[in-house]
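Enquirer: Here it is, the structure, as structure tokens.
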Amino acid sequence: MKILVTELMWDDGIEELKRNGHSVDYDMELGRKRSELLQMVPSYDALIVRNETKVDPELLDAAKNTKVIGRLGVGLDNIDLEAAKARNIPVIPAVHANATSVAEYVMASMLDASRPLAEADADVRKGNWNRKYFTGSELNGRTLGLVGLGEIGHRVAKRANAFGMEVIGYDPFVRPFDHILMETGVRSVNTLDELLTESDFVSVHVPLTNATRHMINKENFPLMKSHAYVINSARGGIVHEQDLVDAVQSGRIAGAYLDVLETEPVQKGGALSKVEAIRLSPHIAGLTVEAQSRTAMLIAGEVMKVLNGGKSLCAVV
């Protein structure tokens, strides 16, 4: 069968599809070529996308022969799930495939905030020896607040525990005896405001929805500690970016680590890019070599299950 891949997919996943007799057309920039994509998609049995391809009713109407959509990642805000369901097209995300990589990104952010080694290196190379300035602080004893207690939050919590951190979490969908509370020792709090007030680091792990858009903003930044950091590796738009800029520039909080933005790539010369204490990365939290391979192989395998007449346990519709 014919499979169209519109964004970056690791080679081993593509080769797995080909080894099993499928024809694969791969253009990692196709998600940005809307008119070309609309012309091509009618002849394909499966569509594999990442986060830039807009899978909306227009595209789904054009995809007359598409039997399954694979998503190389877990965020689904670029896919109209109701429209896919109405057309009986299952959507398969790469459930948990990049969770470890995202968790390690969060740990790397906290370590960088506590011990800025890159800055120290640059300063030493200038001939300086500022031991007092680069003294830093420990993660041990600090409080990490997790907004969202799903699989990624669970893996972050386990790693933070190993560093001696106290981990608290806010998630209205987590029940009292769920494993992240019972087995990882996360202390659940009742409100986002409570979490922001207590945390030295706030790490976001929720999908972008109407309920979560701009959930961290100028109304609740004043609740945070002045030395606190926000880490967003989930979706741009959950943290209000201009409010964040204002909070950091005014000294209300210490800084932030943003791997995701409302508009990607970053706007050159925009407010975010001018604030040194807001560290930016190009949506790479889940893009380690290992995670890329796991994601590609999982999606290849699950898409083939559906094409062969079976069902995927990872399907969301």
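Enquirer: Which loop trypsin sites (Lys or Arg not before Pro) in region 124-174, with loop taken from DSSP, have no more than 14 other Cβ atoms within 10 angstrom of their Cβ?
Expert: Numbers: sites: R125, K126, R131, K132, R142, R155, K158, R159; in loops: K126, R131, K132, R142.
In loop regions of region 124-174 (DSSP not H, G, I, E or B), the sparsely surrounded trypsin sites (Lys or Arg not before Pro) are K126, R131, K132.
Enquirer: Between L72, L258, L38, which gets the highest mean-square fluctuation from a Gaussian network model of the chain, Cα cutoff 10 Å?
Expert: Looking only at L72, L258, L38, the largest GNM fluctuation is found for L38.
Enquirer: Kirkwood hydrodynamic radius for region 167-220: how many Å is it when counted over pairs of different Cα atoms?
Expert: On the way: mean 1/r = 0.0819 Å⁻¹.
This gives a value of 12.2 Å.
Enquirer: Say R0 is 35 Å: what FRET efficiency, to the nearest 0.05, do L81 and E183 get from their beta-carbon distance?
Expert: Details: r = 31 Å, r/R0 = 0.87.
Rounded to the nearest 0.05, the efficiency is 0.70.
Enquirer: Additional query: How much accessible area per residue does region 175-253 have, in Å², with a 1.4 Å probe? It would help to have the intermediate numbers written out before the result.
Expert: On the way: 3720 Å² over 79 residues.
With all protein chains present, region 175-253 gives 47 Å² per residue.
Enquirer: Which of the helices in the chain, when you take each full DSSP H run, stretch at least 15 Å along the axis at their Cα atoms and have an average Kyte-Doolittle score of 0.0 or higher? Show your work: numbers first, answer last.
Expert: Details: long enough: 99-114 (23 Å, 0.74); 151-162 (17 Å, -0.78); 289-307 (27 Å, 0.69).
Long hydrophobic helices here: 99-114, 289-307.
Enquirer: Go through K64/K311; K33/K274; K126/K225; K225/K268 and tell me which ones have a Cα-Cα distance over 23 Å in this structure. Working shown, then result.
Expert: On the way: K64/K311 20 Å; K33/K274 31 Å; K126/K225 33 Å; K225/K268 30 Å.
Long pairs (Cα-Cα over 23 Å): K33/K274; K126/K225; K225/K268.
Enquirer: Now, a different point. Considering the alpha-carbon set of region 173-253 alone, what are its Rg and its Dmax in angstrom?
Expert: 13.4, 41
Enquirer: Rank E58, E198, E151 by mean-square fluctuation in a GNM of the chain with C-alpha springs under 10 angstrom and give only the top-ranked residue.
Expert: It is E58.
Enquirer: A follow-up question, please. What FRET efficiency comes out for the pair W129/E15, r = Cβ-Cβ distance, R0 = 51 Å, nearest 0.05? Write down the numbers at each step before the final one.
Expert: Numbers: r = 51 Å, r/R0 = 1.01.
For R0 = 51 Å, the calculated efficiency reads 0.50.
Enquirer: Please state, to two decimals, what the Cα-based radius of gyration of the chain comes to when divided by 2.2 N^0.38 Å (N = residues).
Expert: On the way: Rg = 21.2 Å, N = 317, 2.2 N^0.38 = 19.6 Å.
Dividing the Cα Rg of the chain by 2.2 N^0.38 Å gives 1.08.
Enquirer: So, one more: Pick from T209, T295, T66 the residue whose mean-square fluctuation is largest in a GNM of the chain, springs joining Cα atoms under 10 Å.
Expert: For the chain, modelled as a Gaussian network with Cα springs under 10 Å, the answer is T209.
Enquirer: Checking the cross-link filter: which aspartates and glutamates have an alpha carbon closer than 16 Å to that of K158, excluding same-chain neighbours under 8 positions apart?
Expert: Correct list for K158: E104, E166, D178, E183.
Enquirer: In whole Å and largest first, what semi-axes does the C-alpha gyration tensor of region 90-158 yield when each eigenvalue is scaled by 5 and square-rooted? Provide the component values of the computation, followed by the final result.
Expert: On the way: eigenvalues 233, 47, 9 Å².
Equivalent-ellipsoid dimensions as semi-axes: 34, 15, 7 Å.
Enquirer: When 1/r is averaged over all different Cα pairs and the result inverted, which Kirkwood radius in Å belongs to region 1-118? Walk me through the numbers before you get to the answer.
Expert: Numbers: mean 1/r = 0.0644 Å⁻¹.
In region 1-118 this quantity evaluates to 15.5 Å.
Enquirer: In nanometres, what is the gap between the two model label sites at I284 and K268, each 7 Å from Cα along Cα-to-Cβ?
Expert: Going from the I284 label point to the K268 one covers 1.9 nm.
Enquirer: Would you work out if region 162-317 is rounded, prolate or oblate? Take a ≥ b ≥ c from the square roots of the eigenvalues of the alpha-carbon gyration tensor; rounded if a/c is under 1.5, else prolate when a/b is larger than b/c, oblate otherwise.
Expert: On the way: a/c = 2.15, a/b = 1.38, b/c = 1.56.
Since a/c reaches 1.5 but b/c is at least a/b, the shape of region 162-317 is classed as oblate.
Enquirer: Continuing with this model, one more query. Given R₀ = 45 Å, what would the calculated FRET efficiency be for Q39 paired with E219, taking r from the Cβ atoms and rounding to 0.05? All intermediate terms of the calculation are to be shown ahead of the outcome.
Expert: Details: r = 46 Å, r/R0 = 1.02.
With a Förster radius of 45 Å, E is 0.45.
Enquirer: Moving to a separate point now. Whole-Å semi-axes of region 55-205's equivalent ellipsoid, largest first, each the root of 5 times a Cα gyration tensor eigenvalue?
Expert: On the way: eigenvalues 297, 103, 30 Å².
Semi-axis lengths for region 55-205 are 39, 23, 12 Å.
The values are calculated or read from the model by the stated rules, or taken from the named source; none is laboratory data. Source: prediction; values computed, not measured. With ideal geometry, Cβ positions are generated from the backbone for all residues, glycine too; neighbour counts draw on all protein chains shown. Accessible surface is based on the protein model in full, side chains and every heavy atom, while ligands, DNA and RNA are left aside. Shrake-Rupley method; radii C 1.70, N 1.55, O 1.52, S 1.80 Å.
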